[in-house]
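All of the numbers you see were taken from the coordinates with simple rules; none came from a lab. Please read all numbers here as calculations on a predicted model, not as lab measurements. All Cβ positions, glycine included, derive from the backbone under ideal geometry; neighbour counts span all protein chains shown.
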Amino acid sequence: MKIAQFAAFGRPEDVLRCVEVDDVGAPAQDEAVIDVLAFPINPADLLTVEGRYAVRPPLPARLGAECVGRVTALGRDVRGLAEGDLVIPLDRENWVQRKKVKGAQLVKVSANVDPLQLAMLKVNPPTAHLMMTQYVDLKPGDWLIQDAANSGVGHCLIRLAKAAGLRTVNVVRREGLADELVALGGDVVVVDGPDLGERVRDATQGAAIRLAIDAVGGTQVVRLGDCLAEEGTIVNYGLLSGENPQLTGHQTVFKRLRLTGFWLVPSLQRMAPAEIRSMYEMLAGRVAEGSLHVPVEATYPIEEIARAAAKANAYRRTGKVLVTPNGTPK
Ligand SMILES: NC(=O)c1ccc[n+]([C@@H]2O[C@H](COP(=O)([O-])OP(=O)(O)OC[C@H]3O[C@@H](n4cnc5c(N)ncnc54)[C@H](OP(=O)(O)O)[C@@H]3O)[C@@H](O)[C@H]2O)c1
């Protein structure tokens with residue numbers, strides 16, 4: 001069977017390879033074997049290959065935070081699953097054609113849903129959901145602001161916020177995205193710039209915004225801080241600019257802004273298994289009813305993993321890049 005791996009840290013398009021390895025064999029009694037139908041290429045995967053993520057794995061390394069798979073074989077102790085079920089594995093190393101997973105690590109999802117959407121369920125939707133709900137007690141009608149609003153997380157946040165009755169200011173770095181984001185339910189879309197605070201105050205009639213969600217870091221955080229009310233909270237969850245988040249002394253002392261960080265891995269570790277399942281069931285339900293959806297720009301076979309990574313790394317995309325390791329999912 002085929003897997004994607006890298007044997008040196010570097011540019012993903014240069015170092016990612018599709019290699020042939022032994023098949024996984026039969027499952028142990030507490031395991032299932034799944035055929036991976038699709039996986040997305042996320043910024044964190046690309047950073048891992050570049051050696052710039054939180055974890056630098058020993059080389060050669062497999063990778064892949066998420067996927068959707070179909071159960072092809074089951075150990076006798078695995079409960080609640082049947083062959084043919086679609087599942088989301090909660091473990092990593094998902095850029096493979098086939099894998100063995102502990103039954104306890106699998107979340108069953110509806111078989112009648114677009115597998116490409118399900119492949120993107122594990123990481124970005126809960127990231128948006130948890131950042132929206134865990135830091136500031138927002139009530140219907142309240143505002144939040146986010147940057148990189150046309151990203152996968154950004155799409156999820158707009159849709160989840162809309163469903164919760166919250167209003168969103170969506171900051172993007174280029175023109176031409178407003179119609180799409182407003183159609184999803186975004187209330188205000190603004191292109192980033194030095195006068196961001198002023199333009200956001202105008203667009204929201206001076207609303208007191210208490211939560212900012214930041215994937216960019218650097219001076220973008222200062223500009224988000226300009227949009228916030230006193231004692232507002234900034235949740236940083238990515239460093240797309242490659243720069244550390246910044247605030248001014250005026251913002252920390254006189255405005256008393258709070259800057260904190262979100263990482264999904266420890267957030268899930270803190271949750272009880274039943275809580276994790278119920279969150280994913282809620283999010284999968286949204287995907288199934290079509291109220292949670294992330295655009296897809298392109299899909300590639302696993303043999304073209306380097307080309308797929310180059311496409312994902314180019315940004316200014318119209319959607320996510322996914323790989324379908326066992327051909328177009330049926
Ligand atoms: N902390 C966590 O647990 C966690 C979980 C999930 C995701 N994340 C992070 O969330 C971020 C978004 O992930 P995703 O999967 O949603 O991304 P994605 O769908 O692949 O989209 C990437 C987004 O980043 C924007 N972007 C790229 N470089 C930028 C820059 N220098 N300045 C401003 N915007 C930039 C792109 O804008 P253009 O379209 O203009 O190129 C696009 O909107 C990433 O940083 C990822 O690592 C963190």
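Quote the relative contact order of the chain in percent (integer), defining contacts as alpha-carbon pairs under 8 Å separated by 6+ residues.
18 percent
Quick one: what are the phi-derived ³J(HN,Hα) couplings along the range 175-183, Karplus 6.51/-1.76/1.60 with θ = phi - 60°, whole Hz, x for glycine and proline?
Those phi angles translate into 6, x, 10, 4, 4, 4, 6, 5, 4 Hz.
How high is the relative contact order of the range 129-265, in percent, with contacts defined as C-alpha pairs under 8 Å that are six or more residues apart?
21 percent
Provide the per-residue ³J(HN,Hα) series for the range 50-59, in order, calculated from phi with Karplus coefficients 6.51, -1.76, 1.60 and θ = phi - 60°, each as a whole number of Hz, with x at glycine and proline positions.
Each residue of the range 50-59 in turn: 7, x, 10, 8, 4, 10, 10, x, x, 9 Hz.
Tell me, what ³J(HN,Hα) does each residue in the range 240-249 have, in order and in whole Hz, if you take phi through Karplus 6.51 cos²θ - 1.76 cosθ + 1.60 with θ = phi - 60° and put x for Gly and Pro?
Karplus-based 3J(HN,Hα) across the range 240-249 equals 4, 7, x, 10, 5, x, 10, 9, 8, x Hz.
Mind scanning LYS122/LYS320; LYS2/LYS102; LYS100/LYS330; LYS122/LYS330 and naming the pairs with a C-alpha gap bigger than 18 Å?
In this structure, LYS2/LYS102; LYS100/LYS330; LYS122/LYS330 exceed 18 Å between Cα atoms.
Pop the C-beta distance of ARG258 and ALA111 into the FRET formula with R0 = 45 Å and round what comes out to the nearest 0.05.
E(calc), rounded to 0.05, equals 0.55.
Quick one: putting +1 on the C-beta of Lys and Arg, -1 on the C-beta of Asp and Glu, what dipole do you get for the range 150-287 around its Cα centre, in Debye to the nearest 20?
380 debye
State to the nearest 20 debye the size of the charge dipole of the range 103-203 about its Cα centre, where the only charges are +1 on K and R beta carbons and -1 on D and E beta carbons.
Dipole of the range 103-203, to the nearest 20 debye: 440 debye.
Hey, got a sec? Which trypsin sites (Lys or Arg not before Pro) in the range 58-100 land in a DSSP loop and have at most 14 other Cβ atoms within 10 Å?
Hits after loop and neighbour filter: ARG76, ARG79.
Taking the Cα centre of the chain as origin, sum charge times position over the Cβ atoms of Lys and Arg (+1) and Asp and Glu (-1), and report the length of that vector in debye to the nearest 20. All intermediate terms of the calculation are to be shown ahead of the outcome.
Details: 38 positive and 39 negative charges, 59 e Å.
In debye, rounded to 20, the chain gives about 280.
Does the range 128-209 classify as rounded, prolate or oblate by the C-alpha gyration tensor (a ≥ b ≥ c root eigenvalues; a/c under 1.5 gives rounded; else a/b over b/c gives prolate, otherwise oblate)? Walk me through the numbers before you get to the answer.
Numbers: a/c = 1.69, a/b = 1.20, b/c = 1.40.
In terms of gyration-tensor shape, oblate.
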